[in-house]
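Reading through the C-alpha cells given below for one structure.
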Amino acid sequence: MLVHQWEEHDQGDTDWKEMTPGKKIPVFVDGVVLNGPQTDVKAGEKFVEEACRLMMEEVVLKATNVNEKSTHGQSSGSSSTPILGATGNLVNHELSLHLQVCEWQPPEQLRQLLDLEMRDTGESQDKLLKLCQDVIHFSVKTSHPRFFNQLYAGLDYYSLGARIITEALNPSIYTYEVSPVFLLVEEAVLKKMIECVGWKEGDGIFNPGGSVSNMCAMNLARYRHCPDIKEKGLSGLPRLILLTSAECHYSMKKAASFLGIGTQNVYFVETDGRGKMIPEELEKQIWQARQEGAVPFLVCATSGTTVLGAFDPLDEIAEVCERHGLWLHVDASWGGSALVSRKHRRLLHGIHRADSVAWNPHKMLMAGIQCCALLVKDKSDLLKKCYSAKATYLFQQDKFYDVSYDTGDKSIQCSRRPDAFKFWMTWKALGTSGLEERVNRAFALSRYLVDEIKKREGFKLLMEPEYTNVCFWYIPPSLREMEEGPEFWKKLSLREVAPAIKEKMMKKGSLMLGYQPHQGKVNFFRQVVISPQVSREDMDFLLDEIDSLGRDM
C-alpha cells in the first residue's frame, strides 16, 4: 500500500508525491516539523553515560580513597601535569594520587578558567564533558576525608545511588498518582523518625532545609495559637513573642522576619557557659513579655547548636512550656541523629515532650543534601489545615484512589523532591544498627581528637565537647610563653591566627576547617566529625597541618 504526502509547489499548485511505505507524513505548524522527537536521543544517552563515568572516576573513586589524600600538599615525587582549562588557559593539576580537598582560585581567575558563557549555538559533546571535568576539578570535594568545614561531609554510596535514580526519574511528590512509590517511602521514613523521637504517632513532611522546617514549625505554632491568621492576616493580632536560645540557629530571626512576627519580637534566652538555654531565664522572659502586654506563643529549643554543639535541657524547658501553654519546637537539625544511638540519645532526653522537631539526616547520617524532616506530634491534620490551599487541579477529592495519600497540600511547596528516598535507601542498606555505629564512631573520633589536643603544645581546647563539635585555638610559638590574659588574647586576635591558617590550608588544598569568633572569644577552630571515611590518621593530620601552617606566625 502506498502512503502519500501532500506537497505544495512554488507555483501554488498541488500534487501527490508517492512515499515509501513506513514513512510518516510530516506535519508542520508555524514552520516547525512536529513529527518524531526533536532530541538527539543517541547523543543524549552517550553524554549521560560518559558524564556518569566521569563522576565515578573523578568524584566517587578518588575523593574517598585513602590514597587520594594530599600529603601536606606535596607530590611525593610526582610532577604536576599541566592541563588546558575550558578557555585554553593552562591549569596546574596535581595527579590524582594526591587529590586536594579544594583547588582554590579567586573569583576573577576562576571565571577565566571556566567557560561560563551561554551561546546561540550548542556545544560539542567533547566540550560539554570537558566542562563537567572542570566543574569537578574546581569544586570543593566535600566527600574528601579531610573536609571538616561544615555540618555535612563524606559520601554515602547508597544515598548517592538513590539520588541518581530520583534525578533520572525526576518526580515531584505532591500526589500519589504521579509519585506513588516515593510518597509511600516518605510515609515509612517519617513513621520511623517519629518512633525515634519517642512519639506513638505523629505527622510530618520533608522540607528543603532545616531553616524551612524551623519556619514551618513557627508558622504552625502561630496558626495553632490564632487560626484566623490564615485568612485574616496579621491585622488585629496582639504582639506575638517567640523565645529561643541565644545560641540558636540564625534561621529563627529569618523566619520571624519572613512571617511578619518581627525580629524585635524574638526574645533570646541567656545560656550557660556551655551554650545551653537556662530554663529559669526562659521563665523570666515569658513573664517579662506578658508584663509588656505581649503574647508569648512559642519556645524554640536547640539540640546541637551550630558552633558549640550544645543541647538545651529539654525536660526542664518542656515543664516551663506546659506551665504556660506554649508550643515547644526543638531544632534538632544537627543533633537529632544522636537519637539513633542508644549510647548518646540521652543528649535529647525529653524530646518526646516537644510539639514539633526539625531533624536533618543529611548532616550526621549523610543522606545527601538536602534531606530535612519536620516532625509534628499532632495527629489532627494540623499541618494540612495550616498549609492547605486545596488546588482543584491537583487535589481533586473525587479521584479513584484514597486521596489521603496526596500529601503535598501539607507543604508550603508545590513541586517537591523525594528527599526521603535517599535516607530510606541508606537506612535499608545499613539498618538502624549501622546508623548507630556511624554516630558512635563520630563521637569516638571526636574524643580521640580532644585527647590529642590536650597532649599537644600549642593547642588549647575551648571546652569539653558534648557532641562532635571540637572547638580549639592554635597558639603559635611566639605567644606560647605569654601568660593568658587580656594582652595575650588581644595579640592572638590581632595576628589573625585562625583566618591566616585557614587561608593557607585553602590555597594549599590540604584540608578545610571552619573558624569563628563567639560570645566575645577570639577566633577559634571548629572541627566536626561526621564521615565514616575519616580515620584516626586524619585527626593526627589535622593537628600536624595546622601546626605546620601556623608555627611561623
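The values are calculated or read from the model by the stated rules, or taken from the named source; none is laboratory data. Remember, predicted model here, so these are calculated numbers, not experimental data. Cβ atoms come from the backbone with ideal geometry, glycine included; neighbour counts cover every protein chain shown. SASA here: full protein model, heavy atoms, side chains in, ligands and nucleic acids out. Shrake-Rupley method; radii C 1.70, N 1.55, O 1.52, S 1.80 Å.
The condition of being hydroxyl-bearing (Ser, Thr, Tyr), touching a residue at least 24 places away in the same chain (Cβ under 8 Å) and in contact with a Gly (Cβ under 8 Å, 6 or more places away or on another chain) holds for only one of THR426, THR468, that being THR468. There is no residue in the stretch 352-364 that is without any contact (Cβ under 8 Å) to a residue 60 or more places away in the chain and either small (Gly, Ala, Ser) or surrounded by 24 or more Cβ atoms within 10 Å (Cβ to Cβ) (or both). Residues that are in a helix (DSSP H, G or I), of a type in the set (Phe, Trp, Tyr) and open to solvent by 30 Å² or more (accessible area, probe 1.4 Å) within the stretch 478-517 comprise just one, TRP489.
Suppose we keep only residues that are of a type in the set (A, V, I, L, M) and either open to solvent by 10 Å² or more (accessible area, probe 1.4 Å) or in contact with a His (Cβ under 7 Å, 6 or more places away or on another chain) (or both) within the stretch 238-262. Which one would you say is nearest to PRO418 (Cα to Cα)?
Here is the first cut: in the stretch 238-262, the residues of a type in the set (A, V, I, L, M) are 240-243, 246, 252, 255-256, 259, 261.
Going one step further and asking which of them are either open to solvent by 10 Å² or more (accessible area, probe 1.4 Å) or in contact with a His (Cβ under 7 Å, 6 or more places away or on another chain) (or both), we end up with 240, 246, 259, 261.
On the way: LEU240: 35, ALA246: 34, LEU259: 26, ILE261: 31 Å.
So the residue we want is LEU259.
Listed by first and then second residue, the pairs linking a residue in the stretch 158-185 that is closer than 26 Å to GLN396 by Cα to a residue that is among the acidic types (Asp, Glu) and open to solvent by less than 50 Å² (accessible area, probe 1.4 Å), with Cβ atoms under 6 Å apart and 6 or more places separating them unless they lie on different chains, are THR175/ASP406; TYR176/ASP406.
Do we find that LYS428 is open to solvent by 30 Å² or more (accessible area, probe 1.4 Å) and either at pLDDT 95 or above or part of a loop (DSSP other than H, G, I, E, B) (or both) in this structure? The answer is yes for LYS428.
In summary, helices (runs of 4 or more DSSP H) completely within the stretch 171-237 and bearing 2 or more residues that are among the aliphatic types (A, V, I, L, M) and surrounded by fewer than 21 Cβ atoms within 10 Å (Cβ to Cβ) occur at 180-197. The residues listed here are GLN133, GLN150, GLN109; of these, the one that is touching a residue at least 24 places away in the same chain (Cβ under 8 Å), part of a helix (DSSP H, G or I) and open to solvent by 60 Å² or more (accessible area, probe 1.4 Å) is GLN133.
Between ILE475, ILE453, the distinction of being touching a residue at least 12 places away in the same chain (Cβ under 8 Å) and open to solvent by less than 10 Å² (accessible area, probe 1.4 Å) belongs to ILE453 only.
Per the conditions (1) in contact with an Asp or Glu (Cβ under 8 Å, 6 or more places away or on another chain); (2) open to solvent by 30 Å² or more (accessible area, probe 1.4 Å); (3) among the polar types (S, T, N, Q); (4) assigned to a loop (DSSP other than H, G, I, E, B), the sole criterion not satisfied by ASN523 is (4). The single residue among LEU282, LEU314, LEU339, LEU298 that is within 18 Å of ASN219 (Cβ to Cβ), surrounded by 22 or more Cβ atoms within 10 Å (Cβ to Cβ) and of a type in the set (A, V, I, L, M) turns out to be LEU298. Could you say whether any residue in the stretch 373-385 is open to solvent by less than 70 Å² (accessible area, probe 1.4 Å) and assigned to a loop (DSSP other than H, G, I, E, B)? Yes, that holds for at least one residue.
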